[in-house]
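Asks: Here it is: the structure, laid out below.
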Amino acid sequence: MPAVVPHLTLNNGVEIPQLGFGVFQVEPSRTAEVVLDAFEAGYRHVDTAQMYKNEAGVGEALARSGLDRSDVFITSKLSNASHDPRAAHDAFERSIDALGTPYVDLFLIHWPMPKVGDFVETWQALEALYGTGRIRAIGVSNFTEQHLRRLAETSAVTPAVNQIEVHPYLSQNPLRAYGREHGIVTEAWSPIAQGKVLSDPELVRIGGEHGRTPAQVALRWHLQRGDVVFPKTTHRERMAENLALFDFELADDEMAAIEALDRGLRTGAHPDEFNWVPED
Ligand SMILES: NC(=O)c1ccc[n+]([C@@H]2O[C@H](COP(=O)([O-])OP(=O)(O)OC[C@H]3O[C@@H](n4cnc5c(N)ncnc54)[C@H](OP(=O)(O)O)[C@@H]3O)[C@@H](O)[C@H]2O)c1
């Protein structure tokens, strides 16, 4: 049974389920089984990327699930190795082949790579692909406000989303506010900081009040802030746990207590400093 997950409307009218399933660090050989488990748990939104090397597993799960393509929202992201516009077009074709689907719902520039090349040209390649109708919405990931402003000055299409690291220890409120003011939905990656927030006493305390786990409290906080989230787990019981978020609500003082946990802690790289290019 699909869970009752609310949808948000992106700036081009496309609807995105606010809660999805992330597959970063899911072994390519295990991805089909894990995503099939996620579909069975009720997830209908999968976040993958070329650099995760598991798009084929997502495609296999989609095919084996028997679900209608239109019932599943799939995001993929352009590899750091393919920022050159010609390479971006070729890489998109490889994504489509691996996913085994005629279109992707959302396609993102994974990292801005500001010291390596010009992401404006890469964005123009995504705009051209969007124009073919084989991508329902385009967006960016790991863009700072400065990067978003540069795109706004140079480009025709406003990104539908900016996918950035956000969790209770990194609340990212100025960048989220910029997105809100400009019609860019924030997607929160590593929403439980890869597990680092789960023993936080405040999350444990608030969870105790509601009979919920710290993971559920953190994920519910993201949803009430209006961001999109896609926690990753390979365990079925955690898939169910991370989806059971729609029958309780955090009070204003609990939301504020979680906001106060912000300590600027990044589990991943800073976008201005991450310039890693994979071999492929
Ligand atoms: N755009 C980007 O640059 C970027 C970067 C990072 C992530 N992402 C996206 O965001 C998604 C989520 O981020 P993430 O995978 O880095 O981290 P995350 O979802 O914050 O945390 C995943 C970790 O938490 C554990 N976990 C999950 N649910 C749990 C629960 N209920 N209780 C206890 N432990 C739990 C998982 O372990 P088990 O698997 O062992 O259960 C895994 O070790 C990724 O899969 C990817 O789609 C994007």
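Asks: Mind telling me which of the residues L265, L198 ends up being open to solvent by 50 Å² or more (accessible area, probe 1.4 Å), part of a loop (DSSP other than H, G, I, E, B), within 11 Å of the ligand (Cβ to nearest atom) and among the aliphatic types (A, V, I, L, M)?
Replies: Working: L265 fails: within 11 Å of the ligand (Cβ to nearest atom).
Only one candidate qualifies: L198.
Results for (1) part of a strand (DSSP E or B); (2) without any contact (Cβ under 8 Å) to a residue 40 or more places away in the chain; (3) away from the ligand (no atom under 13 Å from the Cβ); (4) open to solvent by 10 Å² or more (accessible area, probe 1.4 Å), shown as yes or no for each residue.
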position: V4; (1), (2), (3), (4): no, no, yes, yes
position: N12; (1), (2), (3), (4): no, no, yes, yes
position: F24; (1), (2), (3), (4): no, no, no, yes
position: S29; (1), (2), (3), (4): no, yes, yes, yes
position: S76; (1), (2), (3), (4): yes, yes, no, no
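Asks: While we're here: Is it the case that region 49-69 has a residue that's closer than 27 Å to T144 by Cβ, in contact with a Ser or Thr (Cβ under 7 Å, 6 or more places away or on another chain) and open to solvent by less than 10 Å² (accessible area, probe 1.4 Å)?
Replies: yes
Asks: Could you grab the pairs with beta carbons closer than 8 Å, sequence gap of 6+ or different chains, first residue in region 152-164 and more than 19 Å from G22 (Cβ to Cβ) and of a type in the set (A, V, I, L, M), second one in a helix (DSSP H, G or I) and open to solvent by 30 Å² or more (accessible area, probe 1.4 Å)?
Replies: Short answer, once both residue conditions are applied: A156/E127; V157/E127; V157/Y130.
Asks: Please give the number of the condition V140 fails out of (1) closer than 14 Å to H83 by Cα; (2) outside any strand (DSSP E or B).
Replies: Going through the list (1) closer than 14 Å to H83 by Cα; (2) outside any strand (DSSP E or B), V140 breaks only (2).
Asks: Here is a further query. Within region 227-280, which residues are touching a residue at least 40 places away in the same chain (Cβ under 8 Å) and hydroxyl-bearing (S, T, Y)?
Replies: T234, T267
Residue-wise test of (1) within 13 Å of the ligand (Cβ to nearest atom); (2) more than 18 Å from L108 (Cα to Cα); (3) in a strand (DSSP E or B).
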position: T158; (1), (2), (3): no, no, no
position: G183; (1), (2), (3): no, no, no
position: E202; (1), (2), (3): no, yes, no
position: R220; (1), (2), (3): yes, yes, no
position: Q224; (1), (2), (3): no, yes, no
position: N242; (1), (2), (3): yes, yes, no
position: F248; (1), (2), (3): no, yes, no
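Asks: Here's something else I'd like to know. Can you name the number of the only condition in (1) near the ligand (Cβ under 8 Å from one of its atoms); (2) in contact with an Asp or Glu (Cβ under 8 Å, 6 or more places away or on another chain); (3) on the phi < 0 side of the Ramachandran plot that S190 fails?
Replies: (3)
Asks: Further question: Mind checking which pairs have a first residue in region 34-62 that is basic (K, R) and a second that is modelled with pLDDT of 95 or more and open to solvent by less than 20 Å² (accessible area, probe 1.4 Å), Cβ under 6 Å, 6 or more apart or different chains?
Replies: R44/P17; R44/V72
Asks: Please work out which one of (1) open to solvent by less than 10 Å² (accessible area, probe 1.4 Å); (2) part of a helix (DSSP H, G or I) is the condition A257 fails and give its number.
Replies: (1)
Asks: What pairs come up if the first residue lies in region 88-108 and is open to solvent by 10 Å² or more (accessible area, probe 1.4 Å), the second is charged (D, E, K, R) and modelled with pLDDT of 95 or more, and their beta carbons are under 7 Å apart, counting only those six or more places apart or on different chains?
Replies: I96/R134; A98/E55; P102/R134; Y103/R134; Y103/R136
The values are calculated or read from the model by the stated rules, or taken from the named source; none is laboratory data. On a predicted model such as this, the values are computed, not experimentally measured, just so you know. In this analysis, Cβ positions are derived from the backbone assuming ideal geometry, glycine residues included, and neighbour counts consider all displayed protein chains. Just so you know, the surface numbers come from the protein's heavy atoms only, side chains and all, with ligands and any DNA or RNA stripped out. Shrake-Rupley method; radii C 1.70, N 1.55, O 1.52, S 1.80 Å.
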